[in-house]
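Remarks on the structure that follows.
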Amino acid sequence: MKVYIKNMVCHRCILAVETILNNLNLDYKSVTLGEIEFQHPLTADTREKMAQQLETIGFELIDDKKHQLIERIKNYIVQFIHHDKELLKINLSDFLANELGYEYNYLSNLFSEVEGTTIEKYVILQKIEKVKELIVYDELSLKEIANQLGYSSVAYLSNQFKKVTGLTPSHFKSIGQQKRIPLDHL
């Protein structure tokens, strides 16, 4: 039995959910971004207790099939941009279609209908947040960041960064951490 969770965006989220499951003595197979697989079906009471615990740390259970699919799209995009550099070398629309088992046009239209923005704009927000993170760490040049995230040039990255944030990357670097946005708020 699978349960879907909204707002899981990183490995620390997985650890937090596992801690809750262990504290509630729930028998689960696996926890991945946005998803828990249980050994056995949950009772309504157990599900409610788990939901309450998850809500205390900013997560919520998703019951609606469309919202489950949207959350899976978001989790794959976060994985694509923030956690697996190798994925950036493949086409995102092909990746989503293959992983989710739906035509990309269907996924794109559903995402736009439910979220009020396109997958492409959501990807740009995620990429810019990753750029902010890398700028704050100050370990890579802007050219290296552009290359790592699949931008065709530093100029393209800089233009997109300014369009989204209102700041140039160099100005952002000077003000740093204050302007970062948690991934679950994008």
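The values are calculated or read from the model by the stated rules, or taken from the named source; none is laboratory data. Just so you know, these numbers come straight off a predicted model, no measurement behind them. Ideal geometry is used to build each Cβ from the backbone, glycine not excepted, and the neighbour counts take in all protein chains shown. In case anyone asks, the SASA skips ligands and DNA or RNA and just uses the protein heavy atoms, side chains included. Shrake-Rupley method; radii C 1.70, N 1.55, O 1.52, S 1.80 Å.
What the table shows:
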| quantity | calculated |
| --- | --- |
| Any hit, region 86-102, residues being modelled with pLDDT under 90, surrounded by fewer than 18 Cβ atoms within 10 Å (Cβ to Cβ) and acidic (Asp, Glu) | yes |
| Pairs where the first residue, in region 63-87, is among the acidic types (Asp, Glu) and the second is open to solvent by 10 Å² or more (accessible area, probe 1.4 Å), C-beta under 7 Å, 6+ apart | GLU71/TYR4; GLU71/LYS6; GLU71/ILE62 |
| Residue satisfying all of: in region 106-161; within 19 Å of SER174 (Cβ to Cβ) and of a type in the set (Phe, Trp, Tyr); most open to solvent (accessible area, probe 1.4 Å) among these | TYR137 |
| ALA44 vs. criteria without any contact (Cβ under 8 Å) to a residue 12 or more places away in the chain, over 30 Å from GLU120 (Cβ atoms), open to solvent by less than 20 Å² (accessible area, probe 1.4 Å) and of a type outside the set (Lys, Arg) | no |
| Residues that are surrounded by fewer than 16 Cβ atoms within 10 Å (Cβ to Cβ) and hydrophobic (A, V, I, L, M, F, W, C), drawn from region 3-25 | LEU15, LEU24 |
